[in-house]
Amino acid sequence: MTDSEYQYYFHSGTLQTAYEYMGCHYDRTTKRAVFRVWAPHAQSVSVIGDFNYWNRTANYMYRITDGGIFEGIIDNVEEFQTYKYCVLGRDGVEREKADPYAFFGETRGSTASKVTALDNFWWNDEEWMKKRAASEPYGSPISVYECNIASWRKYADGNNYDYRKFADEIVYYLKFMNFTHLELMGISEHPYDGSWGYQVTGYYAPTSRYGRPEDFAYLVNKCHENGIAVILDWVPGHFPKDEHGLVSFDGEPCYEPSHPLRAEHKEWGTMCFDYGRPEVKAFLVGSAMMWFDKYHIDGLRVDAVASMLYLDYGRSEWLPNAYGGRENTDAVDFFRTLNTAVFGHYPNVLMVAEESTAWPMVTKPADWGGLGFNFKWNMGWMNDSLSYIKSDPYFRQYKHNQITFSMNYAFSENYVLPISHDEVVYGKGSLINKMPGDYELKFAGVRNYLTYMFAHPGKKLLFMGSELGQWAEWDWQRELDWVLTEFPQHKGLQAFIKELNWLYRTVSPLHEIENSWDGFEWLVADDASANVLVFERRDKKGNRVLAVINFAPSDWYGYRIPVNPGRYKRIMRTSYYGWDQVPVEIVSEPIANRNKEDSIVIDVESMSAYLFYADAAPIKNVIAKSEKTSEPKPKAAKKPTVKKSSGTAAKKPAAKTAKTK
């Protein structure tokens, strides 16, 4: 495009690649840097930096559009020299601002931008990119490991890993654990570690905490070479008030709304974006596109979508929209523009909304009237299921709807089931510490809860440390408690999640149909008194997985389960005592139960979960095998197990020792 075309599309809000024109563009051969910045209310703008000894009058920029784009050209600039813009507002005050479009910034503690060009890395992921372009995500297994680089692992002296060291370590670990995707928190440049990266000042720059832009590219490339997709947390919902950032960029509202009732998130102490302003829309869409274009990432998890959609979010006083409602129509238009741009270039990447309300059609196409995302975090499932499993098992019978209600809306959107960082901080407790009961019961609770999660429709996300059975809440200042893997119970849990991931990835009924009832059938949904769920998952060929989940610390002998006809091979078993994958086979018998003509009988153990696989072809009128005669007793040494507690939580209650269904 020509300069005039870039300018026209930028000011109209339709430019999808603003980073190609705005910001600092550096030629290593000529050592010439071209700077462009948007400051519509400025009297003047100059470039200050190492190359002119921070002289505010040495390199004034020229206003090249009526809309407020300023341009300056400087020769004899060295790569990685620092710079800022000196912006003189109409109030007569000069402000030193970092470049909103900078590709690189100083490390925390300093706030200047750095001169660089994004052509200093040789990509080697052509095979991955071709495979991604040919593979749709909806019927594919997606198991996400959510991770914060600074607190995943550190050097012995307490220093953080850099991008390259982290890449080498995390790729090995994710392959070992069978995760398919890595989701990274806090990659965009941000001034304060304690924000976890959710108060961004550099929307076009990977944070310099862990290295240079080419080092971050190495991380993505390394993941792709090893078959791992990369998702970034992206934060278009708000920005911090740091003086060097976007706030009052030219002395007046530019990136934030001018009306005080819309300008600020007082609850968070941050500023909102003005999604109705064309240049702001171009800035944000350009940021998203840059991560896909220049860093080959595979998805964005868009943070705090609900805060953008509602004008009264976190506000006691608020300004209605033009129709008198609370919906932010500018934000709706922005999301549609954003997702249309991304999917227009990259149809099979992930655009995941962290949206915590019942806003309709979040994952429906923009031209259907939806927001245009292709996945949404299922916050309802997360809140309900965690509330259920935190309850004393005796009282779960009165909360049974919390573990079943998610199926009422499971196919209204394309969902991701998240156990994220937000659920293991601020006194909420780690995943294992949410479980009631004694030491062994907590491990059993995690195992049967995660089995339920991985059998439930929806893609999966697990925050780092959950796989270790970490007792402490997540602390962004320290690494995970890796020492726990020296203890058998914790090492066993890690191995269990590894195998659960492998089953999820390789057994197609667990991931192939996630968006319709064709892939799911309730078999027992109402046995609240026993805390038992039974359902079936199916793939497109009709192959099936039968899931039996017992959330009670009680054995149910001779439990008759209604099933579709078939030969059921057990592929996973968890219980109070541990877990195994001993291949027990059970054949259905023509005995009616509930609404099915066939059924099987199994002994459902305390705090257990079972997954059985059955081929599509049904077996009619076969003689059933008794589970007791067909099941070899698993040897304790085969898989990590947990010793029986002397406490009462796992003992068989007298009133429930022999219940038959």
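The values are calculated or read from the model by the stated rules, or taken from the named source; none is laboratory data. Not measured: the values here are computed from a predicted model. Backbone-built Cβ (ideal geometry, glycine too); neighbour counts: all protein chains shown. Only protein heavy atoms, including side chains, enter the accessible area calculation; ligands, DNA and RNA are left aside. Shrake-Rupley method; radii C 1.70, N 1.55, O 1.52, S 1.80 Å.
General observations
- Test: residue in the range 371-382 that is open to solvent by 10 Å² or more (accessible area, probe 1.4 Å), of a type in the set (Phe, Trp, Tyr) and either part of a helix (DSSP H, G or I) or within 23 Å of His490 (Cα to Cα) (or both): no
- Positions within the range 85-101 being within 17 Å of Val200 (Cα to Cα) and open to solvent by 10 Å² or more (accessible area, probe 1.4 Å), in sequence order: Ala98
- The residue pairs whose first member lies in the range 173-195 and is in contact (Cβ under 8 Å) with a residue 40 or more places away in the chain and in a helix (DSSP H, G or I), whose second member is open to solvent by less than 20 Å² (accessible area, probe 1.4 Å) and of a type in the set (Ser, Thr, Tyr), and whose beta carbons are closer than 7 Å, counting only pairs six or more residues apart or on different chains, are Leu174/Tyr145.
- Scanning the range 49-73 for residues that are buried (at least 21 other Cβ atoms within 10 Å of the Cβ) and not small (Gly, Ala, Ser) gives Phe51, Met61, Ile69, Phe70.
- Filtered by the rule that a residue be closer than 25 Å to Ser143 by Cβ and loosely packed, with under 13 Cβ neighbours inside 10 Å, the range 344-370 gives a lone residue, Pro347.
- Here Asp312 fulfils each of the conditions (1) open to solvent by 50 Å² or more (accessible area, probe 1.4 Å); (2) farther than 19 Å from Asn414 by Cβ; (3) acidic (Asp, Glu) apart from (1).
- All positions within the range 142-161 that are more than 15 Å from Ser188 (Cα to Cα) and either surrounded by 24 or more Cβ atoms within 10 Å (Cβ to Cβ) or of a type outside the set (S, T, N, Q) (or both): Ile142, Val144, Tyr145, Glu146, Trp152, Arg153, Lys154, Tyr155, Ala156, Asp157, Gly158, Tyr161
- Lys541, sole failed condition from (1) within 20 Å of Gly566 (Cα to Cα); (2) surrounded by 17 or more Cβ atoms within 10 Å (Cβ to Cβ): (2)
- Filter result (within 16 Å of Asn448 (Cβ to Cβ) and not in a strand (DSSP E or B)) within the range 552-587: Ala552, Pro553, Ser554, Asp555, Tyr576, Tyr577, Gln581
- Residue match in the range 496-510 (condition: closer than 23 Å to Asn401 by Cα and open to solvent by less than 20 Å² (accessible area, probe 1.4 Å)): yes
- Applying the set (1) farther than 27 Å from Arg560 by Cα; (2) over 22 Å from the mean Cα position of the chain (by Cα) to Phe463 leaves exactly one unmet item: (2).
- For the residues Asp66, Asp27, Asp50, the requirement of being free of Cβ contacts under 8 Å to residues at least 60 places away in the same chain, out of contact with any Asp or Glu (no Cβ under 9 Å at 6 or more places or on another chain) and not hydrophobic (A, V, I, L, M, F, W, C) singles out Asp66.
- Yes/no for Val220 being in contact (Cβ under 8 Å) with a residue 40 or more places away in the chain, surrounded by 19 or more Cβ atoms within 10 Å (Cβ to Cβ) and in a strand (DSSP E or B): no
- Selection within the range 391-439 - assigned to a helix (DSSP H, G or I) and farther than 23 Å from Ala525 by Cβ: His421, Asp422, Glu423, Val424, Ile432, Asn433, Lys434, Tyr439
- Candidate set: the range 18-35, residues that are in contact with a Gly (Cβ under 8 Å, 6 or more places away or on another chain) and buried (at least 19 other Cβ atoms within 10 Å of the Cβ); chosen: the one farthest from Ser287 (Cα to Cα): Phe35
- Among the residues making up the range 487-508, those that are farther than 17 Å from Thr180 by Cα and in a helix (DSSP H, G or I) are Pro488, Gln489, His490, Lys491, Gly492, Leu493.
- Within the range 266-291, residues that are among the β-branched types (Val, Ile, Thr) have Cβ atoms under 6 Å from residues that are modelled with pLDDT of 95 or more and outside any loop (DSSP other than H, G, I, E, B) in these pairs: Val285/Leu338; Val285/Ala341, counting only partners at least 6 apart in sequence or on another chain.
- Yes/no for His259 being modelled with pLDDT of 95 or more, under 26 Å from Gly67 (Cβ atoms) and open to solvent by less than 50 Å² (accessible area, probe 1.4 Å): no
- Checked across the range 223-241, the condition of being at pLDDT 95 or above, part of a helix (DSSP H, G or I) and out of contact with any strand residue (DSSP E or B) (no Cβ under 6 Å at 6 or more places or on another chain) holds for at least one residue.
- The condition (being under 30 Å from Tyr145 (Cβ atoms) and crowded, with 19+ Cβ neighbours inside 10 Å) is satisfied by just one residue among Met290, Met271: Met290.
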